[in-house]
Amino acid sequence: MSVPPKNSRTLRDEHPGLPMPRRAFAIVAISFGTALLVLDGTIANVALPTIAADLGVSNAAVTNVVTVYQLVLVMLLLPFSSLGDRLGHRRLYQAGQVVFMLASAACFFAASLPVLLVLRALQAVGAAMALSVSAGMMRQIYPSARLGTGLGVNSVIVASSSALAPTLGGWIVGHVDWHWVFVAAAPLAVVSLLLGQALPDPVRQDRKTDWTSSAWSAATMLLIIGGLQVGTHGNPVLGLALGLAGVASLLSLVRRERRQTAPVLPVDLLAKPAIGLSALAGMASFIAAGMLMLSLPFRLQVGMGLNPETVGMLLLPFPLTMLVVSPLSGWLSDRIAATKLGVTGMGIAIVGLLLMATMPDDASHAGIAARLSFTALGFGLFFAPNTRLLIGRSPRDRAAAAGGLQSTARLLGQTLAAVVVGILLAGDMGMGPVPMLLACALAVVAALCSLTRYRLRDAG
């Protein structure tokens, strides 16, 4: 009996994907929906100083516009992933788009910070509903042999939307009332909803919603992330207490979830080496990339004396390189073993981070851009194949849970990166080589996770 080759094209189950041209319309629908959530979720960041001045609040208080959104989003991803399996992915995805769009429209009339924060929380609810099942739907849209390509395309949408958000937000704040930043992406929602019938038909799984685990999971994330935020912003004792309570809650929840057939906290998936190690590698890599992009502006502006406009231009090589590398990496992951591709990418990222750590203070603009682009090449080669393994190796009836796990790992990684950089800056270590060296160590962890996964014969 012949044994299939052990490469990234070998999945546990083959799926033909949607037929053409429906597949093309579904790709457009989910791409516009993803762009809506990414763009409208981050476009407000550049408007924060203007919002603070207009509403008469401090700069520290207005940052809650970002913090509340991120906190609610990470709290609800896993519970909504479980709910999506019961209701049907397309139903929950489109309902989330509607909630997000209505909350965004209501932000236009916000006249105080508390009202704006409530509406931002509602935006996050809608975003969590949609993002929790988007990966599961992508697995239905694309054939199994082209899943990596699809994830690469999605990465391009995320990266380009993230890159566009500050520019568009800055233009809006500079020319019209800041409230318009919350409705700028409305046309994307309209297009996505109009084409929504092309998305995979909703399939409801015969399972009960575990409301206890859902609430428990959300509360646990609230304690952990909230503790990190409180500890970083001035009350380390309370932050530590909340964080420890969150860890204790997580351990108790894990024990409970082990007895469930389809747990909200996907311990069944994390127990599989291919998925558990991919999730750990993903979170480590997201922390490393986040630390790079959060700490570098401080070194360039404060440590090297560059003006903000120059710093913004020097940071562009990272997202621009990702725009090129991400679809290529996704395409390659359908043809080359994902572990080999990912470890190669992490090796490049490690070298790039070491080059950033040893960069002299009088480095030329071209030298800074080259180092940053080289590092982005490594991360770009890693993200798509690692995500492909996490999503593609999960059972098809747990695809939404795998997608929720991937999104949670990304958001936790970004949050932890902000916390670590904040601590380093407070300790006067944030503008030297220390952040880059720590990011390098995390990249090594990601590479070791991938190698361990391969040695256990669970790589794709």
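The values are calculated or read from the model by the stated rules, or taken from the named source; none is laboratory data. Since the model is a prediction, treat every value here as computed from it, not as a measurement. FYI the Cβ positions are ideal-geometry reconstructions off the backbone, even for glycines, and counts take in every protein chain you see. The protein model used for the area step is the full one, side chains on, heavy atoms only, and it has no ligands, DNA or RNA in it. Shrake-Rupley method; radii C 1.70, N 1.55, O 1.52, S 1.80 Å.
Observations
- Checked against the criterion of being open to solvent by 10 Å² or more (accessible area, probe 1.4 Å), within 18 Å of Ser373 (Cα to Cα) and not acidic (Asp, Glu), the candidates Leu300, Leu280, Leu306, Leu316 yield just one match: Leu316.
- Any helices (runs of 4 or more DSSP H) falling wholly within the range 357-460 and containing at least 3 residues that are closer than 27 Å to Ala124 by Cβ and touching a residue at least 24 places away in the same chain (Cβ under 8 Å): 365-392, 399-426
- Cβ pairs under 6 Å, 6+ apart, first in the range 90-112 and under 24 Å from Val176 (Cβ atoms) and of a type outside the set (Phe, Trp, Tyr), second in a helix (DSSP H, G or I) and open to solvent by 50 Å² or more (accessible area, probe 1.4 Å): Ala103/Leu122
- Condition check for Gly96: open to solvent by less than 20 Å² (accessible area, probe 1.4 Å), within 25 Å of Arg204 (Cα to Cα) and outside any helix (DSSP H, G or I): no
- Here Thr339 fits the description: touching a residue at least 60 places away in the same chain (Cβ under 8 Å), in contact with a helix residue (DSSP H, G or I) (Cβ under 9 Å, 6 or more places away or on another chain) and open to solvent by less than 30 Å² (accessible area, probe 1.4 Å).
- Met356 meets all of the listed conditions (1) modelled with pLDDT under 90; (2) open to solvent by less than 10 Å² (accessible area, probe 1.4 Å); (3) over 23 Å from Ser450 (Cα atoms) but one, namely (1).
- Only one of Gly378, Gly413 that is within 18 Å of Ser326 (Cα to Cα) and at pLDDT 85 or above: Gly378
- Search result, residues across the range 99-110 that are open to solvent by 10 Å² or more (accessible area, probe 1.4 Å) and not in a helix (DSSP H, G or I): Phe108, Phe109
- All conditions but one from (1) more than 24 Å from the chain's Cα centre (by Cα); (2) assigned to a helix (DSSP H, G or I); (3) farther than 16 Å from Trp180 by Cβ apply to Thr50; the one that does not is (3).
- Residues being surrounded by 12 or more Cβ atoms within 10 Å (Cβ to Cβ) and either in contact with a Cys (Cβ under 8 Å, 6 or more places away or on another chain) or at pLDDT 70 or above (or both) - total across the range 1-40: 21
- Within the range 428-435, one or more residues are among the small types (Gly, Ala, Ser) and open to solvent by 20 Å² or more (accessible area, probe 1.4 Å).
- Selection over the range 221-257 of residues that are closer than 16 Å to Ile423 by Cβ and of a type in the set (D, E, K, R) gives a count of 0.
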